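Asker: First the structure, which I've put down as structure tokens, then a few questions once you've had a look.
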Amino acid sequence: MARIPGLRRILRAADARSGASASAIDDELRFHIESRVDELVARGTPEAEARLIAQRDFGDWNRYRADVLTIDHHYAREIRMRDFVDSVLNDSRHAVRMLRNQPAFTAVSVVTLALGIAATTTVFSAVNGVLLRPLPYADANRIVHIGEREIARSEPGGTTSYDNFADWQRLARSFTTMGIVATSAPTLTGRGDPVRVPVALVSAEMFDVFHVKPSLGRGIVPSDNVASAPPVLVLDYDLWRTRFGGDPTVIGQTVALNFVSAKVVGVLPRGFIGTGRMNRQIWSNFVNDTSDGRTGRSKDVYALLRPGVTLEQAQAEMAQISKQLEASYPQADKGETAVVDRLVDRIVGDVRRPLILLLAASLLVLLIACANLSNLLLARGMSRRRELAVRVAVGAGRGRIVRQLLTESLLLAAIGCVAGVLVARLAMSSLAALGPPVFASRPPELDLRVLLTAMTVSVATTLLFGLLPALRIAPREPQAALRESGARVTGGAGKTRTTLATAQLSLAVILLSASALVVKSFVRVLEVDSGIRSDHLLTMQITLPRARYDSSRSTIFYDQLARRLRAVPGVRSVAFTSLVPFSGDFDRIGITKIAGEAERVGADAARGDRYVVSPSYFATMGIRLLRGRIPTEEDRFDAPLVCVVDEVFAKRIFGDRDPIGRRMDLPARDGYATIVGVVSHVKTYGLDVASPGQIYMSDVQYPWRWSALVVRTTGDPLAFASVATHAVHELDADQPVDDINSMDRLMSSLLRARRFTLTVLSAFAAVAIVLAVVGLYGVIAYGATQRRREFSVRIALGAQRRQIARIVVGEGARIAVAGVLIGIVGALATARLLSSLLFDVDPHDAGVLSAVVAGLSVVAMMACVVPARRATRVDAAEVLRGD
């Protein structure tokens, strides 16, 4: 750009003005032309000619003018930015000094805010991990689970049979591919100590559904799923690294599963975790067992929706296919329908509602913290009204004062955010340990989204707790503020603090009532009779491989093991069972033939959970005999078949008729088994979950190769685990023992989700109560301090000190009553949201609400005691002399 005459002078003028106007720039440029004209005229050049020469020498006026305006605007913007940065730095330095000079206020404020931010951040980390984090599979939004349930029920789809799966594959058009999976837990030998490994038996299509590409070798291919195909294995990456040493030459080698050779053909990708029953250490090829038939519903099916096909369209098609199968195979499929569920809904399960509830509760805690902090800032700001009024009087604008106060709030928010995130980081590990099983695969984590949320919450809280006090405190009339003593609260600020304290108490009522309902529900669950005596019970799983144990050898093995363990000091009784109650496993059968009745087909079958047990099982578990008898050693393999049912199955199937002597055709052996006894019901799926009842069969008459050992001990049951394991290995050194547990621990694990909600919600309620009471105490104490002169005058005129105390306590009572009444309305309005989390408790339980109101009222009144005592001890003469 050409040199502009006088540019430095113009910019100096622009700098001084912080932005020159267009007319001023025109005057400056015109001045230079006129100066040149005067110079030429002085030398004798005619004025008209001199003006032409001056304009020619000056150059393009419009270009110079535009360039100077652009430069001027840049200068003005830089000056404004510099002034803004300087003011922010000054405000920040002033805020740091103010907070440093009031360490008690700063500490209380930071702790209050940190608790609110920590609560919100911690719960959001769980919400993010479980509900918001995408599933680690390509096209995860198109992956669905297809299962079956009775038409009359409304639960998600369950398992299905291979025959139905094959028909679904053939008839359905809503899916690009569909795969099936079953599970087993064979013994792995030949690679270190024998160990029982969980195996997923999958069809080749499952690799397409989840877009799995093995890191080594190949996956399962269709030829692996045909009848009589030899077993092949795809190893989990971690198992390959630990058990096989990460040896790439393992591909093509054979290992022994249940003493049967199986070829390793691939290794799953690193970090890949299968969902549900596919979360296993080994994937093997699924080969249909034709003996299962169409009623053998023990498999899971996953499919990939075609692009453009909605879940509703797929559900409608599968419902129509179910009707076709029901018509073709009524004995197996009558009353059954296929259900299509999104994979994410299967994974999240019942955790969504509790997490959303806890997130709402954490936001309430944050609001209470913000209200508390607003009260603190108002109380602190009232004492600074003279200082702020002086600043306004000497030229500071009200907006400048508000910005200064918001800077202090922002600094508090920043410190509180850092402290809250640190507290949340420490709390996340505890949250994962307490949380439901889904946290194992989708744990709470402090990732970028959680950090951004924490920062957003901090900014939002700055506006919540900082803006209102700043607007209230910043003086509109500095002269009036200067005339005040500086110790009196304006009516508006006092009402604001009272309103905030009322809001804190009302929110605390809502949180406390929700927590109390959950606590009462949990107590009701614990009061449920489990049907067994869970103390001093040790359980462990033993699976005898088919290649080495037939029916007779397995019976001999269990008999010898029982005799060895009964001889151990401290062992009271020993039993075996095909299923351990409260372990999460189930073996549900449908009985179609009951003597004297028409054949039951499809969903009308008499369904119950099958338990194949030793005769000592009932005494060992503490299951009560209600009628008849239990199987004994006399009920030998060649004796007439017998069984025992529980009271729930008996009532559901036989009604008021006596089930003793009724005969049912049970699977596993030909012939009818006679019901010889009725026992008490065991809440095998959990104390708060219903079941269709149990059917018990003797392991003598129905030999079983996989059984759980149950040992009742006199001391700590887990202390006997090594003794029991040693006894097993004395009989068979290659036989692994796993799933070692105590019955108390198994029952406790089923209450984990309820305990998680209870613990977190109760912690939030406790924090809310403390913050609300502290806020009420602050309002009453500060109000009493502001009324010291009034109280002194009352005392001087003859008022009794108990009357002064009554005034202070009355002010607190009015706030408490208002907060409690608003809280009751809020609690009643939100109670329905808790209904799915409650067991045998009305969401509007009057007793719970009354206890909450009474307890919080007492605590609120206790917060008024100290301010009331201080008010009664005021020295009236000293206060009045001071005025």
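The values are calculated or read from the model by the stated rules, or taken from the named source; none is laboratory data. All values derive from a computational prediction rather than experimental measurement. Note that we place each Cβ from the backbone using ideal geometry, even for glycine, and neighbour counts take in every protein chain shown. In case anyone asks, the SASA skips ligands and DNA or RNA and just uses the protein heavy atoms, side chains included. Shrake-Rupley method; radii C 1.70, N 1.55, O 1.52, S 1.80 Å.
Asker: Run the numbers for MET81 and ARG353: contour at 0.36 nm per residue of separation, minus the present Cα-Cα distance, in nm.
Answerer: Separation in residues times 0.36 nm, less the Cα-Cα distance, equals 93.1 nm.
Asker: Report, by chain and number, residues whose modeled amide H sits under 5 Å from the one on ARG149, excluding near sequence neighbours (fewer than 5 apart, same chain).
Answerer: Placed amide hydrogens put GLY158, THR337, VAL339 under 5 Å from ARG149.
Asker: Search the structure for amide H atoms under 5 Å from the amide H of PHE175, placed 1.01 Å from N in the peptide plane, and list their residues when 5 or more places away or on another chain.
Answerer: Amide H neighbours of PHE175, under 5 Å, 5+ apart: ARG306.
Asker: Now, a different point. Please compute the per residue accessible area over the stretch 815-866 with all protein chains in place, 1.4 Å probe, rounded to a whole number of Å².
Answerer: That works out to 48 Å² for each residue.
Asker: Could I ask something else about it? Which of LEU364, THR121, VAL866 sits closest to the plus end of the dipole of the chain, meaning its Cα is farthest towards the positive end, when Lys and Arg get +1 and Asp and Glu get -1 on the C-beta?
Answerer: Positive-end residue among those listed: VAL866.
Asker: Could you work out the relative contact order of the stretch 629-758? I mean the mean sequence separation of Cα pairs under 8 Å and 6+ apart, divided by the number of residues, in percent. Provide the component values of the computation, followed by the final result.
Answerer: Numbers: 135 pairs, mean separation 31.5, N = 130.
RCO, the stretch 629-758: 24 percent.
Asker: Give the angle, between 0 and 90 degrees and rounded to the nearest 10, that separates the Cα long axis of helix 7-17 from the longest principal axis of the Cα atoms of the chain.
Answerer: Tilt of helix 7-17: around 80 degrees.
Asker: Label the stretch 636-790 by shape, choosing from rounded, prolate and oblate, from the square roots a ≥ b ≥ c of the eigenvalues of the Cα gyration tensor; if a/c is under 1.5 it is rounded, and otherwise prolate applies when a/b is larger than b/c, oblate when it is not.
Answerer: Cα axes put the stretch 636-790 in the oblate bin.
Asker: Return the FRET efficiency for the residue pair ALA24, LYS495: r is the Cβ-Cβ distance, R0 is 60 Å, and the value is rounded to the nearest 0.05.
Answerer: Details: r = 51 Å, r/R0 = 0.85.
That pair, ALA24 with LYS495, gives E of 0.75.
Asker: Here is a follow-up. Which of LYS520/LYS683; LYS263/LYS299; LYS299/LYS520 have a Cα-Cα distance over 31 Å? If you can, show how the numbers build up before the last one.
Answerer: Numbers: LYS520/LYS683 20 Å; LYS263/LYS299 24 Å; LYS299/LYS520 38 Å.
As for pairs spanning more than 31 Å Cα to Cα, those are LYS299/LYS520.
Asker: What is the spin-label model distance, in nm, from VAL817 to ARG97 if the labels are put 7 Å beyond Cα along the C-beta direction?
Answerer: The answer from the label model is 4.8 nm.
Asker: Using the Karplus curve 6.51 cos²θ - 1.76 cosθ + 1.60 with θ = phi - 60°, work out ³J(HN,Hα) for each residue of the stretch 639-648 in order, rounded to whole Hz, and write x for Gly and Pro.
Answerer: Rounded to whole hertz, the list is 8, x, 5, 10, 8, 10, 10, 8, 5, 5.
Asker: While we're looking at this one, here's another question. Among VAL232, VAL212, GLY192, whose Cα lies farthest out toward the positive end of the dipole of the stretch 175-249, if unit charges sit on the beta carbon of Lys, Arg (+1) and Asp, Glu (-1)?
Answerer: So the residue we want is GLY192.
Asker: Sticking with this one: If you line up the long axis of helix 398-434 against the longest principal axis of the chain, both from Cα atoms, how many degrees apart are they, to the nearest 10?
Answerer: The angle comes out near 10 degrees.
Asker: Give the residue from VAL130, VAL817, SER430 lying farthest towards the positive end of the charge dipole for the chain; charges sit on Cβ (+1 for Lys and Arg, -1 for Asp and Glu) and the dipole is referred to the Cα centre.
Answerer: Of VAL130, VAL817, SER430, it is VAL817.
Asker: So if each residue of separation counts as 0.36 nm, and I subtract the Cα-Cα distance between GLN313 and HIS73, what length gain in nm does that give?
Answerer: Here the segment from GLN313 to HIS73 would lengthen by 80.2 nm.
Asker: Against the longest principal axis of the chain, how steep is helix 22-42, in degrees 0 to 90 to the nearest 10, with axes from Cα atoms?
Answerer: Computed tilt is about 40 degrees.
Asker: Applying a 10 Å radius around every beta-carbon, put 292-301, 62-71, 197-206 in order of their mean neighbour count, most first.
Answerer: In descending order of packing, they fall as 197-206, 292-301, 62-71.
Asker: Any chance you could get the radius of gyration and Dmax over the Cα atoms of the chain, in Å?
Answerer: 39.5, 145
Asker: Please list, in chain and number order, the residues 5+ apart from THR183 or on another chain whose amide H is under 5 Å from its amide H, with Hs placed from the backbone.
Answerer: LEU201
Asker: Restricting to DSSP H runs of at least four residues, report the calculated mean residue ellipticity at 222 nm for the chain, -39500 (n - 2.57) per run over all residues, nearest 500 deg cm²/dmol.
Answerer: Counting only the DSSP helices, I get -17000 deg cm²/dmol.
Asker: For the residue pair ALA166 and MET862, what label-to-label distance in nm results when each label sits 7 Å from Cα along the Cα-to-beta-carbon direction?
Answerer: Distance between label points: 7.1 nm.
Asker: Compute the distance in nm between two label points, each set 7 Å from the Cα along the Cα-to-Cβ direction, one at GLN560 and one at ILE273.
Answerer: Inter-label distance under the simple model: 4.1 nm.
Asker: Using a Förster distance of 51 Å, how high is the FRET efficiency between ALA851 and LYS263, based on the Cβ-Cβ distance and rounded to 0.05?
Answerer: It comes to 0.20.
Asker: In a shell of Cβ-Cβ distance under 14 Å around ARG442, excluding ARG442 itself, what net charge do Lys and Arg (+1) and Asp and Glu (-1) give? List each step's numbers first, then the result.
Answerer: Details: positive: ARG133, ARG346, ARG352, ARG449; negative: ASP345, GLU445, ASP447.
So the surrounding residues net to +1.
Asker: Just report the Cα centroid separation between the stretch 265-316 and the stretch 833-869, whole Å.
Answerer: If you average the Cα positions of each part, the centres end up 49 Å apart.
Asker: Here's another thing I want to ask about it. Report relative contact order for the chain in percent, whole number only (criteria: Cα-Cα under 8 Å, sequence separation at least 6).
Answerer: 14 percent
Asker: About its Cα centre, what dipole magnitude does the chain give when the only charges are +1 on Lys and Arg Cβ and -1 on Asp and Glu Cβ, stated in debye to the nearest 20?
Answerer: Dipole size: approximately 3700 debye.
Asker: Compute the signed sum of charges (Lys and Arg +1, Asp and Glu -1) over the other residues within less than 13 Å, Cβ to Cβ, of THR189. Could you put the intermediate results ahead of the total?
Answerer: Values: positive: ARG191, ARG196, ARG243, ARG548; negative: ASP193, ASP732, ASP734.
In short, +1.
Asker: When a/c reaches 1.5 or more, the comparison of a/b and b/c decides; with that in mind, is the stretch 260-301 rounded, prolate or oblate per its Cα gyration tensor?
Answerer: Numbers: a/c = 3.77, a/b = 1.52, b/c = 2.49.
Since a/c reaches 1.5 but b/c is at least a/b, the shape of the stretch 260-301 is classed as oblate.
Asker: When Lys and Arg each count +1 and Asp and Glu each count -1, what net charge do the other residues less than 11 Å away from ARG600, Cβ to Cβ, add up to?
Answerer: Local charge sum for ARG600: -1.
Asker: Using R₀ = 56 Å, calculate the FRET efficiency as 1/(1 + (r/R₀)^6) where r is the Cβ-Cβ separation of ALA327 and THR456; round to 0.05.
Answerer: So, using R0 = 56 Å, E works out to roughly 0.50.
Asker: Sticking with this structure for a sec: Post the alpha-carbon centroid distance, the stretch 690-760 to the stretch 118-153, in whole angstrom.
Answerer: First find each Cα centre; the distance between them is then 30 Å.
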